Amino acid sequence: MASPSDDVIMVISFPGEVFLRMLKMMILPLVVASIISSLANLDPVASGRMGLRALVYYLVTTTLAVALGIVCVLAIHPGNPTIKSEIQAKRSSRQRIGTLDAILDIIRNIFPDNLIQACFQQMQTTYVARKNSGNLTSQAPMVRKFVHQNGLNVLGILFFCIVVGVIIGKLGPKASTTRRLFEELTDIIMLLVHAVMCYSPVGITSLIAGKMMSVGDVATAAAQLGLYMLTVILALAIHLVFTLSLLYFAVTRKNPLVFFKGMLQAWITALATSSSAATLPVTFRCCEVYNHIDPRVTRFVLTVGCTVNMDGTALYEAVAAIFIAQMNGVDLNLGQVITVSMTATLASVGAAAIPSAGLVTMLIVLTAVNLPLEDVSLIISVDWLLLQLSKAHIVPWPSDRLRTSVNVMGDAYGAGIVYHLTKAELQLQDRRDCGEMGSVDQQVLMTKDVSQDPKNDTAEGVGSNSEKEQHERDPSPTDKVDEVLEVQEVNQDPKNDSDDGGCKTPSLSVRVVLQ
């Protein structure tokens, strides 16, 4: 059977090309709006140590997830080595950049000198031969040269958005208008993304069909996709079973299996809904009722983590980017691997808590290392295949649901860790609050007892009432001393202190002694 011509492949792939162009159009506004709005709602100063600990936990776990994914994909190497060698033979003239130059290029791109230029160009180091007497010779020394190549400077845009978001959150009410602007802009962009996703069945089908028609060895490509699928599932399982559990045990010295048992309902809900936002009410209940975490911790850590802490998504994007590089024969150096890890970590911060948002943010990671964006259709095809196999009960869950379950459990373990580190401070705050409330209640009751004392009602009428009111306005020093002593006796009653560091309402039987 004759292979289809290039024109036929182009026509079949055209609807997918339009779909991909619409997604690429959303990259820049999605990055700017989502990251700024997410970080603008965080206030580490107002949240105190609890907020700082939560942010550190988010950063550590996401970085560990990305590093684990990169190690797994480099060790398993789901990309076909034969295809990789053939493509490298065709690209033998491609210039190799040293590790030092690659790392310095990362830092240069993080701090762009022109923010507008960073929207369509990024800095790269190249080497050119020095001219000697007007002739280029093979023995001429190579000179380092800095050039701008086409492509979105993702690291620079991310860094700028993170700084702006943190400053908006620090300003608080002063920047409320700006914060609402970016929140509304995020809602608008997400509505546009939803509209584009309505076209996804046609676009994804076109992309997959065109890619399969252009691939010579379909069986080899299918084997690579299967190996990639196993790599993602293995990395997610290792991160959930070992990384998060060991981190929880190392900090709290408690059994992570007991904690996971209490979160089982939320984990199953995440597998069923494929949305960490939809699972949030169940996650609240499991953390507070079954694992006995203070609601003040869960309301902050879980709500913020639903948007910021995306361990499964970051791991998935890092594995997908390196797999696509292997498929295309691109040999990523150390600097590019670091770029992938940093971009996947930062891009996961802006990943909205809706189904399949990782497919959109994955384009950001591919753009950062100049990988072909059209190959994202291969990743989409894997998700679609897992979805169909799950519907046929061949596999239990698609990868999107697995990623969501890891995201939810990462938030839950974070709530447990932050509560363990903050528990003593919360108990101390409870004692202070109860002491202040008890003093206020006693003062109110003393005023009420004085005003309702029948001994103060005399037959003289106005004269006696005036004398009583004058005595209440200007009590004698002896009265003040007696009141203070009785209030202190009630506050110091050991029965009012609870075992868990909280407090009970002080006794309501307070007698005022009037001399």
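Dipole magnitude of the range 243-372 about its Cα centre, charges +1 at Lys/Arg Cβ and -1 at Asp/Glu Cβ only, in debye to the nearest 20?
480
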As computed over the range 158-308, the Cα convex hull volume per residue (Å³): 190
For residue 151, the residues 5 or more places away or on another chain with a placed amide H closer than 5 Å to its own amide H are 121, 122
Cleavage-rule hits, trypsin sites (Lys or Arg not before Pro), the range 249-316, DSSP coil, Cβ neighbours within 10 Å at most 16: 253, 254
Around residue 293, which amide H atoms from residues at least 5 apart in sequence, or from another chain, sit under 5 Å from its own amide H, with H modelled in the peptide plane? 288
Assuming R0 = 56 Å, what is the FRET efficiency of residue 265 and residue 117, from their Cβ-Cβ distance, to the nearest 0.05? 0.65
Distance from a point 7 Å along Cα→Cβ of residue 285 to each backbone N in the range 253-274: keep the residues under 17 Å and list them by number. 261-274
Chymotrypsin sites (Phe, Trp or Tyr not before Pro) within the range 156-264: which are DSSP loop residues with at most 16 other Cβ atoms inside 10 Å? 199
Distance (nanometres) between label positions extended 7 Å along Cα→Cβ at residue 143 and residue 199: 4.7
Using the Karplus curve 6.51 cos²θ - 1.76 cosθ + 1.60 with θ = phi - 60°, work out ³J(HN,Hα) for each residue of the range 321-331 in order, rounded to whole Hz, and write x for Gly and Pro. 5, 6, 5, 5, 4, 5, 5, 9, x, 8, 8
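Quote the FRET efficiency, to the nearest 0.05, computed for residue 429 versus residue 191 with a Förster distance R0 of 41 Å and r equal to the Cβ-Cβ distance.
Values: r = 41 Å, r/R0 = 1.00.
Calculated transfer efficiency: 0.50.
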Farthest positive-ward along the range 146-212 dipole, Cα basis, beta-carbon charges - from 181, 192, 163: 163
Residue 59 versus residue 77, label points 7 Å from Cα toward the beta carbon: distance in nm? 3.5
Accessible area of residue 245 in the full protein assembly, 1.4 Å probe (Å², nearest 10): 20
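May I ask you to derive the FRET efficiency for residue 250 and residue 167 from their Cβ-Cβ distance with R0 = 30 Å, giving the value to the nearest 0.05?
Calculated transfer efficiency: 0.35.
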How many nm separate the modelled label positions at residue 334 and residue 277, each set 7 Å beyond the Cα in the direction of the Cβ? 4.1
Given the candidates 293, 260, 328, the one whose Cα lies deepest towards the positive end of the charge dipole of the range 256-340, counting +1 at each Lys or Arg C-beta and -1 at each Asp or Glu C-beta, is 293
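The values are calculated or read from the model by the stated rules, or taken from the named source; none is laboratory data. Given the structure is predicted, the values throughout are model-derived calculations rather than measurements. Because the Cβ atoms are built from the backbone with ideal geometry, glycine has one as well, and the counts that use them run over all protein chains shown. The protein model used for the area step is the full one, side chains on, heavy atoms only, and it has no ligands, DNA or RNA in it. Shrake-Rupley method; radii C 1.70, N 1.55, O 1.52, S 1.80 Å.
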